[in-house]
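> For reference, the structure I am asking about is given below.
The values are calculated or read from the model by the stated rules, or taken from the named source; none is laboratory data. Note that this is a predicted model, so its numbers are computed, not measured. Ideal geometry is used to build each Cβ from the backbone, glycine not excepted, and the neighbour counts take in all protein chains shown. Areas reflect the complete protein model, heavy atoms only, side chains present, ligands, DNA and RNA absent. Shrake-Rupley method; radii C 1.70, N 1.55, O 1.52, S 1.80 Å.
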Amino acid sequence: PVGLPALDVDQGLVLPCFADVHTHLDKGHIWPRAANPDGTFAGALATVLSDREAHWSARDLAARMAFSLACAHAHGTAAIRTHIDSRPGQTAFSWPVFAEVRERWAGRIRLEASPLFAIDSALDDAFMASTLAAVEQHGSGILGAVTYMSPALRPGLERLFRYAGERGWALDFHVDESLDPDASSLRMIAGMALEMRFSAPILVGHCCSLSVQPADEVARTIDLVADAGIGVVSLPMCNLYL
């Protein structure tokens with residue numbers, strides 16, 4: 001069209017930039033000092049916990065996040081959503097660091113963040129007050145948690161759906177990251193989204209237990225997820241390794 005810029009790409013391909021919708025910028029690039037000892041999920045959790053306690057300061061997070069974003073930008077990524085480990089003692093500096101990095105990379109990579117915590121913590125009033133405040137001040141209008149089979153699952157989800165609905169926020173969950181065929185929090189999330197007529201976007205990650213459930217049960221769950229309009233990111237390289 002007249003007036004628009006033109007570029008001769010010499011028969012090359014022009015593709016949209018990448019959007020990386022499930023990352024952990026606060027965990028990135030710790031492997032040289034904190035390798036997974038045995039390649040298991042439990043080993044990954046344990047080594048991250050010890051590294052976080054030993055090393056995660058504002059300065060450490062800022063340096064590792066900056067390197068992650070420089071690598072992503074060099075390889076053509078234009079949007080990233082990261083989960084931020086949100087727990088007492090860490091929320092206070094992790095979220096401000098994220099906000100500073102987001103500002104520094106504005107115009108190059110669009111950054112979003114979602115808090116990451118166990119669903120049981122959603123029932124802790126003091127914890128949720130500090131987490132909601134951090135997301136209000138530094139976040140991207142996204143709320144989420146790690147879901148698994150627990151007595152706190154339904155009441156915790158109800159709280160998160162209510163908090164997000166009142167604020168017009170999206171939801172993002174780590175879901176059923178196990179090979180337990182009885183892990184079915186994905187179905188509960190989809191059912192609750194329909195029941196509460198939740199209209200903001202919902203993204204779920206992992207969903208590994210679907211791979212070991214009976215086919216008819218899987219089909220029912222997937223139908224609910226589709227009806228609720230929930231997006232799924234499966235992270236196959238991560239979970240095949242773990």
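> Answer with yes or no whether VAL212 is of a type in the set (A, V, I, L, M), modelled with pLDDT of 95 or more and within 30 Å of ALA46 (Cβ to Cβ).
yes
> Additional query: Based on what the data block shows, is ARG187 in contact with a Ser or Thr (Cβ under 7 Å, 6 or more places away or on another chain), part of a helix (DSSP H, G or I), charged (D, E, K, R) and surrounded by 14 or more Cβ atoms within 10 Å (Cβ to Cβ)? Talk me through it step by step, then tell me what you get.
Values: in contact with a Ser or Thr (Cβ under 7 Å, 6 or more places away or on another chain): yes; part of a helix (DSSP H, G or I): yes; charged (D, E, K, R): yes; surrounded by 14 or more Cβ atoms within 10 Å (Cβ to Cβ): yes.
Taking the combined requirement at face value, the residue satisfies it.
> Let me ask something else. Find the residue count for the range 40-83, including only residues that are of a type in the set (Ser, Thr, Tyr), open to solvent by less than 40 Å² (accessible area, probe 1.4 Å) and closer than 22 Å to PRO96 by Cβ.
Result for the range 40-83: 2.
> Six or more apart or on different chains, Cβ atoms under 8 Å: show the pairs whose first residue is in the range 218-238 and in a helix (DSSP H, G or I) and whose second is of a type in the set (Ser, Thr, Tyr).
Between residues of the range 218-238 that are in a helix (DSSP H, G or I) and residues that are of a type in the set (Ser, Thr, Tyr), the close pairs are THR221/SER184.
> For GLN137, which of the numbered conditions (1) touching a Ser or Thr at 6+ places or on another chain (Cβ under 7 Å); (2) over 24 Å from VAL233 (Cβ atoms) fails to hold?
Here GLN137 clears every test but (1).
> Answer yes or no: is there a residue in the range 146-163 that is closer than 22 Å to PRO96 by Cβ, open to solvent by less than 20 Å² (accessible area, probe 1.4 Å) and either without any contact (Cβ under 8 Å) to a residue 60 or more places away in the chain or assigned to a helix (DSSP H, G or I) (or both).
No, the conditions are met nowhere in the range 146-163.
> Mind counting the residues in the range 16-56 that are β-branched (Val, Ile, Thr), part of a loop (DSSP other than H, G, I, E, B) and modelled with pLDDT of 95 or more?
1
> Okay, next question. May I ask you to list the residues in the range 190-202 that are more than 14 Å from GLY165 (Cα to Cα) and open to solvent by 10 Å² or more (accessible area, probe 1.4 Å)?
Passing the criteria: only GLY191.
> State whether the residues of the range 228-241 include one that is open to solvent by 40 Å² or more (accessible area, probe 1.4 Å), modelled with pLDDT under 95 and over 17 Å from the mean Cα position of the chain (by Cα).
Within the range 228-241, one or more residues are open to solvent by 40 Å² or more (accessible area, probe 1.4 Å), modelled with pLDDT under 95 and over 17 Å from the mean Cα position of the chain (by Cα).
> Scan the range 199-217 residue by residue and report those that are small (Gly, Ala, Ser), within 18 Å of VAL146 (Cα to Cα) and part of a helix (DSSP H, G or I).
Correct list: SER209 only.
> Taking the stated definitions as given, is ILE222 crowded, with 20+ Cβ neighbours inside 10 Å and at pLDDT 95 or above?
Answer is no for this residue.
> Still on this model: In the range 102-111, how many residues are more than 22 Å from PHE173 (Cα to Cα) and part of a helix (DSSP H, G or I)?
Of the residues in the range 102-111, 2 are more than 22 Å from PHE173 (Cα to Cα) and part of a helix (DSSP H, G or I).
> Just to be sure I understand, how many residues within the range 26-41 are closer than 17 Å to ASP85 by Cβ and aliphatic (A, V, I, L, M)?
2
> Of everything in the range 124-136, what is in a helix (DSSP H, G or I) and open to solvent by 40 Å² or more (accessible area, probe 1.4 Å)? Give them in sequence order.
Passing the criteria: ASP125, ALA126, ALA129, SER130, ALA133, GLU136.
> Output the residues belonging to the range 57-101 that are outside any helix (DSSP H, G or I) and closer than 22 Å to VAL204 by Cα.
Within the range 57-101, the first condition is being outside any helix (DSSP H, G or I), and the residues that meet it are 57, 75-90.
Once the filter is applied, which keeps residues that are outside any helix (DSSP H, G or I) and closer than 22 Å to VAL204 by Cα, the range 57-101 yields THR77, ALA78, ALA79, ILE80, ARG81, THR82, HIS83, ILE84, ASP85, SER86, ARG87.
> Looking at ASP172, ASP120, which is the one that is charged (D, E, K, R) and open to solvent by less than 10 Å² (accessible area, probe 1.4 Å)? Steps first, please.
Details: ASP120 fails: open to solvent by less than 10 Å² (accessible area, probe 1.4 Å).
Among ASP172, ASP120, only ASP172 is charged (D, E, K, R) and open to solvent by less than 10 Å² (accessible area, probe 1.4 Å).
> From the list SER114, SER121, exactly one residue is part of a strand (DSSP E or B) and modelled with pLDDT of 95 or more. Which is it? Lay out the reasoning, then the answer.
Working: SER121 fails: part of a strand (DSSP E or B).
The match here is SER114.
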